[in-house]
1. Inside region 54-97, can you point out the residues that are more than 15 Å from the chain's Cα centre (by Cα), surrounded by fewer than 11 Cβ atoms within 10 Å (Cβ to Cβ) and not in a helix (DSSP H, G or I)?
2. Which members of region 6-50 meet the condition of being exposed (fewer than 15 other Cβ atoms within 10 Å of the Cβ), touching a strand residue (DSSP E or B) at 6+ places or on another chain (Cβ under 6 Å) and closer than 14 Å to H78 by Cα?
3. Answer yes if at least one residue in region 52-59 is within 19 Å of M1 (Cα to Cα) and not β-branched (V, I, T), and no otherwise.
4. Go through region 52-81 and count every residue that is free of Cβ contacts under 8 Å to residues at least 40 places away in the same chain and within 17 Å of A27 (Cα to Cα).
5. Tell me, which residue of region 27-43 that is under 12 Å from the mean Cα position of the chain (by Cα) and not aliphatic (A, V, I, L, M) is nearest to L2 (Cα to Cα)?
6. Condition test on T63, is it modelled with pLDDT of 95 or more and of a type in the set (S, T, N, Q)?
Amino acid sequence: MLEHYVVFKPHPQRADELEKALAAFAAGMAGTLPCLLELSWGANTNASGLRHGYTHGCFARLTSPDSLTEEYWIHPAHQRLLAQLDDLCEDRFALDYVTDDVVRGGAQQ
């Protein structure tokens, strides 16, 4: 499994447009890739990231490292988002790692 995180620092006054672009991206990805196990995005609530201007994040859980480049990266919705990001963001970075270990929380029954 591959965990793919991206953190976004929009240009001043562009956070709302970034949020709309992320929503369109998520809608375009929904139900289209068997390798995409989960996709979420949202506004950052962490003070340390906000101090540096990182206002939004996106998370994708994929079935394998190869699926990132062979399916997810080339998907039309992802390509549309990538085409907008330089205009919307002054910085962004990704963090990817491979794992087979997922800890589930919650009450035991």
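The values are calculated or read from the model by the stated rules, or taken from the named source; none is laboratory data. Note that the structure is predicted; figures quoted are calculated from it, not measured. Because the Cβ atoms are built from the backbone with ideal geometry, glycine has one as well, and the counts that use them run over all protein chains shown.
1. Those that are more than 15 Å from the chain's Cα centre (by Cα), surrounded by fewer than 11 Cβ atoms within 10 Å (Cβ to Cβ) and not in a helix (DSSP H, G or I): none in region 54-97.
2. S40
3. In the first step, residues of region 52-59 are kept if they are within 19 Å of M1 (Cα to Cα); the result is 58-59.
Checking the rest, the ones that are also not β-branched (V, I, T) come to 58-59.
Within region 52-59 (the criterion being within 19 Å of M1 (Cα to Cα) and not β-branched (V, I, T)), the answer is yes, since at least one residue qualifies.
4. First, pick out the residues of region 52-81 that are free of Cβ contacts under 8 Å to residues at least 40 places away in the same chain: 66, 69-71, 73-74, 79.
Next cut, within 17 Å of A27 (Cα to Cα) only: 71, 73-74, 79.
Of the residues in region 52-81, 4 are free of Cβ contacts under 8 Å to residues at least 40 places away in the same chain and within 17 Å of A27 (Cα to Cα).
5. Step one: filter region 27-43 for residues under 12 Å from the mean Cα position of the chain (by Cα), giving 29, 36, 38-43.
Okay, now just the ones that are also not aliphatic (A, V, I, L, M), so 38, 40-42.
Details: E38: 11, S40: 14, W41: 17, G42: 20 Å.
The residue in question is E38.
6. Values: modelled with pLDDT of 95 or more: yes; of a type in the set (S, T, N, Q): yes.
Yes, satisfied.
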